[in-house]
Every structure is written in structure tokens, then in C-alpha cells.
Amino acid sequence: MLYGPDSGKANALHTLFDIMVAEDRIDYHPMSSVVAIAEGALHVLTPGGRRIFGYDRLILATGATDRLAPVPGWQSAGVYSLGAAQIALKAQGVALGRNIVLAGSGPLLTLVAYQLLKMGAQIAAVLDTAPLSAQVAALPDMLTRPGLVLRGVAMRLQLGRRYHAGVTLEGIECDEYGPAAVRWSDARGTSRVTPCDMVGLGWHLRAETQLAGLAGCAFDYDEGWAQWLPRTDRLGRAVEGVYLAGDGVRILGADGAELSGRLAAAACLADLGLSAPDVASNLRRQARYERFARALARAFPWPAALVRAAPDGTIVCRCEGITAGEVREAAVHGGAEANRVKSLSRLGMGRCQGRYCQLAGNELIAARTGTAVCDAERLREQAPVRPVPIAAWMRES
Amino acid sequence: MKPSAQKDFGNGRIVRLVEFNRPRVRFFLNGAEGEALAGDTVLTAILVCSPALRRSEFGPETRAGFCLMGSCQDCWVWLEDGVRLRACSTPVYEGMRLATEAPEVWP
Ligand code: FES
């Protein structure tokens, strides 16, 4: 419905896809989700029931979700991810509240605030936990893509005095309806309270990697992006027969995703012994995108200090109401390992399967036990990667 | 557009900013009739007239979805016949009968 300045590119891509479907060159299954991968086959929930697709080559493009950090009160109705606020606006033409506070960090923070304002929503404050100094320090490398920087600065200017850098979030005050105010302190340490009825939270993106894990990919902790990412070569080859593309493997954004799709396809063709396009120029472009993306990650970092300082009563797992205190206690009794903390505290066992708590959980484990975040290991994924209604699963199509 | 131009279709949490003129769709929530617009998700349809989707099983707060992209599972609601839905990724349709608590029916 409503796309931003890149709508031309998005339209071109969708049109190309629609043509391939219309010409029967691809077998397209809309509204279907892969919930498990085992023994060279995908287990898929389709509108007609369960289906199994065997494969000998698999290209996974699973994208990313918002990366979240727990803020006291974030479990309440009316607190959403920044991505949610953007989807609501673009796909439904709605604002998720009448008086909005957006908080977190990353390019999406400014973008969503700008888009909401432009469409007539009311924004009370935009609270960025990244200090201005980090943003300035990352600028030289960000200028590898000057057009994007200019666009970002122009949008930021439109936010005016609503935008605050270097804030510390203290909590979301809620009544029975939902958020009533956000408590925070500004870069100088002055306490502030901003009334609102909706809060959007997010700190950049988190690669969605559960299927890659089930497909047998190895992972490395990436200090820059502060998360685990699947191990691949430059073209996206992971393990035998499995290729990864898009934000699910490196957080390079929309242009980078398109590029990495092309590279993965080229690798797949080459491995099949078919003629593949020359990728040298694409690889150079990818290197430039990565330099930019890593600068972004430094400009708008994961809020490690905020997570570590979370009061014991803060809910870390929104699914089952598990608190920071319970996670800390489990780390002391169970040891500094995420899977053991999971079995003791249930952190990561809820219906989102750790997507929104795993990174914060590891931060808490590391802080409590004096170890490095990467030493806490990642949660082993389990099929199904999202809850499946049992009746739909029983129905074989 | 000024905030005053926002149109309220009820006393819910969501406000429509554009496309007020899509065709009307009638649905039922816990037996009560509600009005949505064609193209709305179940989440939009419910939250335009209500502040939340459901109660939390683990705390005192209510829930109204979180990610809107099928990832967090915070937005579960039910059809009256017991089928569970993700409100954020299910379109509302004319005559749809929704419930915010799991009905006592085997799914
Ligand atoms: S709101 Fe997250 S799955 Fe629907």
C-alpha cells in the first residue's frame, strides 16, 4: 500500500516475481511456513494442511526481526516493536496509539518516527539510547553510502525537538489500559517523564536463524552486530547444499538482501555445474554495504549496559513472565550456559521460542557470572520453529 | 495532516490514519458485533474498538500483539469453533466470529 522512497525497487522485484509465477517457472506456495527441517526435507504448514518438500539444494532467506531489550513494563498491551509500528502503518494505514513514544536505537527508530509523523500520527518523543558521540564516530564509514546518510539526517531533522540521543530508559508506567508514560533520563542525567499511550521499542535487527540452525549451519558470535550469525562463505554457502541470503545471515538491509540473493543463486548454479553469472562486481558492492552496515551497528549499538542494569523484577521473557532476577539466579545455580539457564528458568521456552529474550538472557548470564556473552552459547533451536495448531498439523494435504 | 484529522471508529487503541473509505465488514467479538474495514487484519479489527486482544496467562497485564509479523505469538485469538489464529496475520472477513479466550472445544 504505502512504500517509502524505495517503492520503485520493491515494485520491480515483486513484478518480476509475479511474472515468474504467472509463467509457471516457479512453484509458489503463499501463506505457507516451514516449521521443521529434517533429513533433506522441509515440513511445511500450508493453508491446506501439512506438506513435506524434499530438496537437494536449499536457499534460506528468513530475514530478521527487531532486536529487543527488556525495559520494565514492556510486557503490557500497547508496547510494540518498532517493526510492528511500521507494518501497522504501511500495511494497514493505522497508528498503534494516539500519543506515541518510540525508543531504542538504529535506523528504524528515525525512519518509523518520520513515517508516522508524515502520516499524521502524534509522536511525543523519540528516545535514542545511542549517544551522539557514537553516531559521529561512525560517520566516516557510514559515508560509504552517502545517499542513505543524507536521507537519514533529513528525516532526523524533521523530528526536531522530539528526538533525544544518549538517553537511559528507566521504565514504562502502565495502567490497566496500557502505557501511561515513559520514564527516562536524558544525556545529562536529568530525569524525565513523557506521557503516552503507546510505546514502540527496538534496537536495530536480529537475524532470524532458526531454520538455518535446523538445516545444520554453524554459528559464530559477531561482536559488531552483537548476535550469533550463521557461518557462510562470501556467496552464502553454509553447509553442503544449503545457502543463506538476506538479513537472516548478515544485516545489510534491503539492497544488501537483494544482492546476497543473487550471490547465493550464483553459488548454487555453480555448484550444480551450471553456468553462473560473474559475481566480482557484486562482491565488491557487498563489501561496501557491509562496511556501511558495520558502521551503523557501531553508531546505534546494542544497549548492553541497559540490559545489565535491569532491576530484578524486570520481565525478560514476555511470553511467560520470567524476570531478570530469575535468570540471574538460574545462571548462578546452573552455570553460565544459555541452554542450562533455559531448563532451569524456562527462559527461551515460551511461544516465541527465545526470539525476543535470548540476547538479553545471555547479557544477564554473562554479567552475573563474569563471563563473555559469547561463552553463554546460543539456544539450540527446536522444531517446530513456531507453534503449530495441532489440528492443522494432523491434516495432511 | 494534523492529529485532529485522525478518525476514531471506536474507543480502541488503534487509530486509522488513511483509507477510511474501504468497504465495511461486520464481525463478532465474544458475541458482540463489531465493524471493521475490508483489508483489516483481525488484530486491526479488534484493536480499533478494544484496547487489548487477550489476558496474559502469566501476569496481570493484557496483551495486544507485539511484532505484527508472525514471530512473537503474542496475538493469539480464537474462532468460536475453537480454531486458534494469529490475529496479526489473519484477515478479517464478513460474519467472522472471534473469541478472546480459547473456547472449550477440541481444536
Ligand atoms: S503480533 Fe507477533 S505474532 Fe502476531
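Which ones in the stretch B:87-107 are in contact with a helix residue (DSSP H, G or I) (Cβ under 9 Å, 6 or more places away or on another chain) and open to solvent by less than 20 Å² (accessible area, probe 1.4 Å)? Steps first, please.
Start the filter on the stretch B:87-107 by keeping residues that are in contact with a helix residue (DSSP H, G or I) (Cβ under 9 Å, 6 or more places away or on another chain), which leaves B:87-92, B:96, B:98, B:100, B:106-107.
Those that are in contact with a helix residue (DSSP H, G or I) (Cβ under 9 Å, 6 or more places away or on another chain) and open to solvent by less than 20 Å² (accessible area, probe 1.4 Å): B:Ala87, B:Cys88, B:Val92, B:Met96, B:Leu98.
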| Meets criteria (modelled with pLDDT of 95 or more, of a type in the set (Phe, Trp, Tyr) and more than 30 Å from B:Ala36 (Cβ to Cβ)) for A:Tyr80 | no
| task | Could you grab me the full set of residues in the stretch A:345-375 that are open to solvent by 40 Å² or more (accessible area, probe 1.4 Å) and in contact (Cβ under 8 Å) with a residue 40 or more places away in the chain? | result | A:Gln353, A:Ala367, A:Arg368, A:Cys374
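Rundown of residues vs (1) among the charged types (D, E, K, R); (2) part of a loop (DSSP other than H, G, I, E, B); (3) within 17 Å of A:Pro384 (Cα to Cα); (4) more than 16 Å from the ligand (Cβ to nearest atom), yes/no style:
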{"residue": "A:Glu320", "(1), (2), (3), (4)": "yes, yes, no, no"}
{"residue": "A:Glu326", "(1), (2), (3), (4)": "yes, no, no, yes"}
{"residue": "A:Glu329", "(1), (2), (3), (4)": "yes, no, no, yes"}
{"residue": "A:Ala336", "(1), (2), (3), (4)": "no, yes, no, yes"}
{"residue": "A:Asn339", "(1), (2), (3), (4)": "no, no, no, yes"}
{"residue": "A:Lys342", "(1), (2), (3), (4)": "yes, no, no, yes"}
{"residue": "A:Arg351", "(1), (2), (3), (4)": "yes, yes, yes, no"}
{"residue": "A:Arg355", "(1), (2), (3), (4)": "yes, yes, yes, no"}
{"residue": "A:Glu363", "(1), (2), (3), (4)": "yes, no, no, yes"}
| Do any residues in the stretch A:300-317 that are free of Cβ contacts under 8 Å to residues at least 40 places away in the same chain and open to solvent by less than 10 Å² (accessible area, probe 1.4 Å) have Cβ atoms under 8 Å from those of residues that are hydroxyl-bearing (Ser, Thr, Tyr) and part of a strand (DSSP E or B), where the two are at least six apart or on different chains, and which pairs are they? | none
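Counting only residues that are buried (at least 19 other Cβ atoms within 10 Å of the Cβ), give me the strands (runs of 3 or more DSSP E) lying completely in the stretch A:218-294 with at least 1 of them. Give the derivation first.
Values: elements: A:219-222, A:227-230, A:242-244.
The qualifying strands (runs of 3 or more DSSP E) are A:227-230, A:242-244.
What are the residues in the stretch A:376-397 that are of a type in the set (Gly, Ala, Ser) and surrounded by fewer than 14 Cβ atoms within 10 Å (Cβ to Cβ), if any? Steps first, please.
Pass one, the stretch A:376-397, residues of a type in the set (Gly, Ala, Ser): A:376, A:383, A:391-392, A:397.
Scanning the stretch A:376-397 gives A:Ala391, A:Ser397.
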| query | Out of (1) within 23 Å of the chain's Cα centre (by Cα); (2) outside any helix (DSSP H, G or I), the odd one out for A:Ala180 is which? | reply | (1)
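Return yes when B:Arg63 is within 16 Å of the ligand (Cβ to nearest atom) and basic (Lys, Arg) and no when it is not.
On the way: within 16 Å of the ligand (Cβ to nearest atom): yes; basic (Lys, Arg): yes.
When the stated conditions are applied, B:Arg63 passes them.
If you take the residues of the stretch B:14-38 that are facing chain A (nearest Cβ under 8 Å) and either out of contact with any strand residue (DSSP E or B) (no Cβ under 7 Å at 6 or more places or on another chain) or in contact (Cβ under 8 Å) with a residue 60 or more places away in the chain (or both), which of them is farthest from A:Ala84 (Cα to Cα)? Break it down stepwise before answering.
Within the stretch B:14-38, the subset facing chain A (nearest Cβ under 8 Å) is B:14-19.
Still in the running and either out of contact with any strand residue (DSSP E or B) (no Cβ under 7 Å at 6 or more places or on another chain) or in contact (Cβ under 8 Å) with a residue 60 or more places away in the chain (or both): B:18-19.
Numbers: B:Val18: 17, B:Glu19: 19 Å.
Here the answer is B:Glu19.
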| field | the stretch B:73-107, residues that are among the β-branched types (Val, Ile, Thr) and within 16 Å of the ligand (Cβ to nearest atom) | value | B:Val77, B:Val83, B:Thr90, B:Val92, B:Thr100
| request: Taking A:Gly147 as meeting all but one of (1) assigned to a helix (DSSP H, G or I); (2) within 14 Å of chain B (Cβ to nearest Cβ), write down the number of the exception. | output: (2)
| said: Need pairs with beta-carbon distance below 6 Å; first residue open to solvent by 20 Å² or more (accessible area, probe 1.4 Å) and within the stretch B:65-86, second near the ligand (Cβ under 10 Å from one of its atoms) and assigned to a loop (DSSP other than H, G, I, E, B); sequence gap 6+ or separate chains. | reply: B:Arg86/B:Gly70; B:Arg86/B:Cys75
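So, in the stretch B:33-51, how many residues would count as being on the phi < 0 side of the Ramachandran plot and either open to solvent by 20 Å² or more (accessible area, probe 1.4 Å) or near the ligand (Cβ under 9 Å from one of its atoms) (or both)? So that I can check it myself, show each step before the final result.
Here is the first cut: in the stretch B:33-51, the ones on the phi < 0 side of the Ramachandran plot are B:33-38, B:40-51.
Of the ones still in play, those that are also either open to solvent by 20 Å² or more (accessible area, probe 1.4 Å) or near the ligand (Cβ under 9 Å from one of its atoms) (or both) are B:33, B:35, B:38, B:41, B:43, B:49-51.
Residues in the stretch B:33-51 being on the phi < 0 side of the Ramachandran plot and either open to solvent by 20 Å² or more (accessible area, probe 1.4 Å) or near the ligand (Cβ under 9 Å from one of its atoms) (or both): 8 in total.
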| Checklist (1) on the phi < 0 side of the Ramachandran plot; (2) out of contact with any Phe, Trp or Tyr (no Cβ under 7 Å at 6 or more places or on another chain); (3) away from every other protein chain (no Cβ under 14 Å) applied to A:Met119, failing item | (3)
| said: For the list (1) β-branched (Val, Ile, Thr); (2) assigned by TED's automatic domain parsing to the domain that holds A:Ala226; (3) touching a Phe, Trp or Tyr at 6+ places or on another chain (Cβ under 8 Å), I need the number of the one condition that A:Val71 fails. | reply: (3)
| query | Just for the stretch A:87-107: of the residues that are within 16 Å of the chain's Cα centre (by Cα) and surrounded by fewer than 23 Cβ atoms within 10 Å (Cβ to Cβ), which one is nearest to the ligand (Cβ to nearest atom)? | reply | A:Ile87
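The values are calculated or read from the model by the stated rules, or taken from the named source; none is laboratory data. Values in this document were obtained by computation on a predicted structure and should not be read as measured data. FYI the Cβ positions are ideal-geometry reconstructions off the backbone, even for glycines, and counts take in every protein chain you see. Surface accessibility is based on the protein's heavy atoms, side chains included, excluding ligands, DNA and RNA. Shrake-Rupley method; radii C 1.70, N 1.55, O 1.52, S 1.80 Å.
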